[in-house]
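To start, the structure under review is shown below, and the notes come after it.
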Amino acid sequence: MSGAPVAGGVPAGGAAPAPVAPSPLPAATPASEHALLLVRAMIAAALSDGLLDETERSVIVGRLGAAGISNEEQRFLADEMARPWSPAQFAGAAKTPEQRAEVYLASALAIDADTEAERAYLKYLAATLGLDDQLIAHLEGAVAQARAPVPLTAQPVPQVTADKGGARLA
């Protein structure tokens, strides 16, 4: 280019520049940005003790692999795992109280918090996100409930009996 003034995106006295090829990835939607924030929260929590154990990895990538994520998406996850976000980055990205609570919840669900480093990370994350103790207790209760084994039946199974009048529940 000659450095000529540009008016309306077209160089003076010249042809319009070649169109820019569209990105191969669709533009991020608010929902996909929020999902990405939660995946990043899970990754950061899992790496908070310096190790990504197999259980933590399966929580993060297990379902994605079964869903058939692409090679590009696998590379993206590897990149994210190589540079996890800090609690300050989450505090800046989570704009609402609900998003801050979800970041904490996703982080807590991703790990067992079985090391001092993981427990310290969750405590620091909660403080950085500005979560109060009552909300933290509620979220930890939700984590415990999500991890609790689900009973096969909560009530006795009704018995079916048959007689001359037909089948009936006993």
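Summary table below
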read-out: Whole-angstrom Cα spans of region 101-143 along principal axes, big to small; value: 23, 20, 15
read-out: Spatial extent of region 39-133: Rg and Dmax, with the Cα atoms as the point set, Å; value: 13.2, 41
read-out: Estimated FRET transfer efficiency (ASP132, ARG83; beta-carbon r; R0 41 Å; 0.05); value: 0.85
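Each reported figure results from applying straightforward, stated rules to the coordinates on display, with no laboratory input. Source: prediction; values computed, not measured. Methodologically, a virtual Cβ is constructed for each residue, glycine included, from the backbone with ideal geometry; neighbour enumeration extends over all protein chains shown.
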